[in-house]
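Reading through the structure tokens given below for one structure.
The values are calculated or read from the model by the stated rules, or taken from the named source; none is laboratory data. Keep in mind that this is a model prediction, so the values were computed, not measured. Here Cβ is always computed from backbone atoms with ideal geometry, including for glycine, and neighbour counts include all displayed protein chains. Heavy atoms of the whole protein, side chains included, go into the accessibility calculation; ligands, DNA and RNA do not. Shrake-Rupley method; radii C 1.70, N 1.55, O 1.52, S 1.80 Å.
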Amino acid sequence: MTSVCVNCLKSLVTALHFLCWLSNAFVVAFGEFMMMHSRFASLVTTFWPIYPANTLVVTGTIATCVCYLGVVGGMRESRCMLISFYVLLSFLISVELAMACVFFVYNREIGTYFEKDLMHSLEIYKLSGPGENQTLKDDFDAVQYLFKCCGVHGVADWGGNVPISCCTLDPCNIADQPNWQEGCVGKLQDWFARNYLSTAAGVVSMFILQFLCMSITLPLFCCFAVRGQGY
């Protein structure tokens with residue numbers, strides 16, 4: 001194999017590692033964007049995978065660090081760094097597969113967690129005085145106002161002390177206010193399900209890119225190492 005061809009292939013290895021790093025950095029940025037625009041976190045606290053933005057940021061950050069090791073290793077032609085990169089990347093791919101399985105298995109159980117946590121949040125809302133648990137109150141009011149719903153299963157959950165966020169009028173300035181009758185649990189669950197879809201797309205994209213990167217560059221690395229052509 002000529003030196004020109006070898007150098008081109010080594011540049012290809014480094015370029016693919018950089019592409020992997022860049023894609024994972026984009027996933028982190030997307031996760032940060034979702035975190036800045038995420039809502040209602042105070043209402044559902046039991047089940048950690050319902051926070052898809054957090055999952056993308058943590059996983060993407062780890063993957064970005066691992067791919068950076070591959071980029072630097074490729075540029076310096078460091079065998080130690082590249083071996084570490086491939087070992088860590090293999091482990092990371094396994095973790096992402098496990099995460100995908102967790103999301104798939106527990107996807108059907110999210111409704112149970114939503115119902116329990118929302119009922120708990122509603123009881124806290126009802127028992128809180130002025131200025132107490134304001135974040136939870138604001139989130140619950142935002143859910144009812146945005147999704148045009150009331151309570152968890154319906155307006156009866158409030159027991160006659162219905163907040164103004166349940167009113168069907170905007171603005172609502174009458175004593176005997178008309179309220180939304182439908183509960184919020186189904187609508188909020190659908191909202192989180194859409195975020196789940198974004199998270200799944202991000203994790204699957206990372207997995208595919210990392211797998212392709214390793215499938216292409218690892219044989220080249222092994223070939224160069226066996227032939228003694230660098231690395």
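Look through segment 208-218, keep the residues that are surrounded by fewer than 15 Cβ atoms within 10 Å (Cβ to Cβ) and farther than 14 Å from Ser90 by Cβ, and return whichever of them is farthest from the chain's Cα centre (by Cα).
Ile216
Checking Lys116 against (1) open to solvent by 40 Å² or more (accessible area, probe 1.4 Å); (2) within 30 Å of Asn7 (Cβ to Cβ), which single condition isn't satisfied?
Failing condition for Lys116: (2).
Among the residues of segment 50-88, how many are in contact (Cβ under 8 Å) with a residue 60 or more places away in the chain and under 30 Å from Phe40 (Cα atoms)?
Count: 8.
Looking at segment 95-118, is at least one residue modelled with pLDDT of 80 or more and more than 29 Å from the chain's Cα centre (by Cα)?
no
Search segment 142-194 for residues being within 24 Å of Leu127 (Cβ to Cβ) and among the aromatic types (Phe, Trp, Tyr), and hand back the single one that is surrounded by the most Cβ atoms within 10 Å (Cβ to Cβ).
The extreme case among them is Trp180.
On the given criteria, is Lys126 closer than 27 Å to Leu56 by Cα and of a type outside the set (A, V, I, L, M, F, W, C)?
For Lys126, the condition - closer than 27 Å to Leu56 by Cα and of a type outside the set (A, V, I, L, M, F, W, C) - is not met.
Enumerate the pairs (first residue in segment 153-167 and of a type in the set (A, V, I, L, M); second residue anywhere and part of a helix (DSSP H, G or I) and buried (at least 18 other Cβ atoms within 10 Å of the Cβ)) with beta-carbon separation below 8 Å, excluding pairs fewer than 6 apart on the same chain, so at least 6 apart or on different chains.
Every condition considered, the pairs that remain are Val155/Cys166; Val162/Val155.
Might you let me know whether segment 188-208 holds any residue that is in a helix (DSSP H, G or I) and at pLDDT 85 or above?
Looking through segment 188-208, none of the residues is in a helix (DSSP H, G or I) and at pLDDT 85 or above.
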